[in-house]
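J.: My questions all concern the structure below.
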Amino acid sequence: MRLLRGRVNDHERDHERTRQMVARTATDAEPALRIWRPPRQVAFGRRDRRAEGYDRARVAARDRGYAVLEREVGGRAVAYTGSTVAFALAEPTADSREGIGDRYDRVSGAVQTALAAVGVDASEGEPAGSFCPGVHSLRAGGKLVGIAQRVRQDVALTGGIVVVRDRAAIGDVLAPVYDALGVSFDPDSVGSVAHAGGDTAGVLDALATALVGDRTVTARDRIRDT
C-alpha cells in the first residue's frame, strides 16, 4: 500500500492529487491511502448541484471566505476549515457490485479505532439535522465523521472527513449553505474531536495506523504545493 500525506494549497489542484492517486491504483492495482487536511473550502455533492438554490449556496460559501469545490460523490455539502481531516482509500476491485458493505464496515471500524486512540468514544449514527446526512456516520457529542464511497469497474474509493476542531465555524458556514439548498441543518449537531475531549494533534497519525492496518506500506509520499 502507498501512503500519501500533505496537501496542495489550491483546492482544485489538491483535489486533483486524489484523482491521480485513484487513477494510479486503477493502473497498478496497488491500494493507496491519502490522509490530509484539505484547504479551506465547501465541497458540494451531485445532489446539491441539482438543487434550485445551488447558485445561492455557492455564493453563501464564498461570502464567508470559503472556496467552492464540486466533488464526484453524492451526498450534501461538507465544509473544510483547514483543521478538518480528510481520508481517501483507493482499492482495486474486480466487480463494482461486490464488497460495498464490507468496505463501509471495515473503514468505519478503523476510524472508530483511530478515534479511540485519541481519546474519543465514537458510535455509529448521527443526530437530527446533521451535515451531509447519511447512514455511514460517527458521532460523539455531535456528528464528527462522515464516510462515502464511489465504485467504478476497477477501483473503489472510500473516503470521508473527521471534524477535528472548528465545529462552530462549520456550523456558521453550512447554515446558510443548507438553507439555500433547502436541506434541514442544525449547527449544534456538528461535533468535533476537540469538543469530545480528544487529542487533536494525534488524529492524522491515528487514522494512518488504523486504516493501513496489517498491510505493508511500500511507499510513503509527501504531497507538497507546486
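J.: Suppose we filter the range 131-146 for residues that are open to solvent by 10 Å² or more (accessible area, probe 1.4 Å) and in contact with a helix residue (DSSP H, G or I) (Cβ under 6 Å, 6 or more places away or on another chain); how many remain?
T.: Residues that pass the stated criteria total 1.
J.: Moving to a separate point now. List, please: which pairs have Cβ atoms under 7 Å, are six or more places apart or on different chains, and start with a residue in the range 52-76 that is free of Cβ contacts under 8 Å to residues at least 60 places away in the same chain and end with one that is β-branched (Val, Ile, Thr)?
T.: Arg58/Val68; Arg62/Val68; Val68/Val42
J.: Within the range 183-195, can one find any residue that is closer than 18 Å to Ala116 by Cα, among the aliphatic types (A, V, I, L, M), touching a residue at least 24 places away in the same chain (Cβ under 8 Å) and surrounded by 21 or more Cβ atoms within 10 Å (Cβ to Cβ)?
T.: yes
J.: Kindly indicate whether any position in the range 17-36 is assigned to a loop (DSSP other than H, G, I, E, B) and free of Cβ contacts under 8 Å to residues at least 12 places away in the same chain.
T.: No, the range 17-36 contains no residue that is assigned to a loop (DSSP other than H, G, I, E, B) and free of Cβ contacts under 8 Å to residues at least 12 places away in the same chain.
J.: Let me ask something else about it. Determine which member of the set Val173, Val177, Val203 is under 16 Å from the mean Cα position of the chain (by Cα), open to solvent by less than 10 Å² (accessible area, probe 1.4 Å) and not polar (S, T, N, Q).
T.: Residue meeting the stated conditions: Val203.
J.: State whether one or more residues within the range 208-226 are under 19 Å from Asp48 (Cβ atoms), assigned to a loop (DSSP other than H, G, I, E, B) and not β-branched (Val, Ile, Thr).
T.: No, the range 208-226 has no match at all.
J.: Listed residues Ala117, Ala122, Ala51; which is open to solvent by less than 30 Å² (accessible area, probe 1.4 Å), modelled with pLDDT of 95 or more and either under 12 Å from the mean Cα position of the chain (by Cα) or not charged (D, E, K, R) (or both)?
T.: The conditions single out Ala122.
J.: Out of all the residues in the range 101-133, which are small (Gly, Ala, Ser), outside any loop (DSSP other than H, G, I, E, B) and free of Cβ contacts under 8 Å to residues at least 40 places away in the same chain?
T.: Gly101, Ser108, Gly109, Ala116, Ser123
J.: Would it be correct to say that Ala60 is in a strand (DSSP E or B) and buried (at least 19 other Cβ atoms within 10 Å of the Cβ)?
T.: Considered against the rule, which asks whether it is in a strand (DSSP E or B) and buried (at least 19 other Cβ atoms within 10 Å of the Cβ), Ala60 comes out as no.
The values are calculated or read from the model by the stated rules, or taken from the named source; none is laboratory data. What you see is a predicted model; the values in this text were computed from it and never measured. Note: ideal-geometry Cβ built from the backbone for every residue, glycine included; neighbour counts use all protein chains shown. The accessibility values were calculated without ligands, DNA or RNA, using every heavy atom of the protein model including side chains. Shrake-Rupley method; radii C 1.70, N 1.55, O 1.52, S 1.80 Å.
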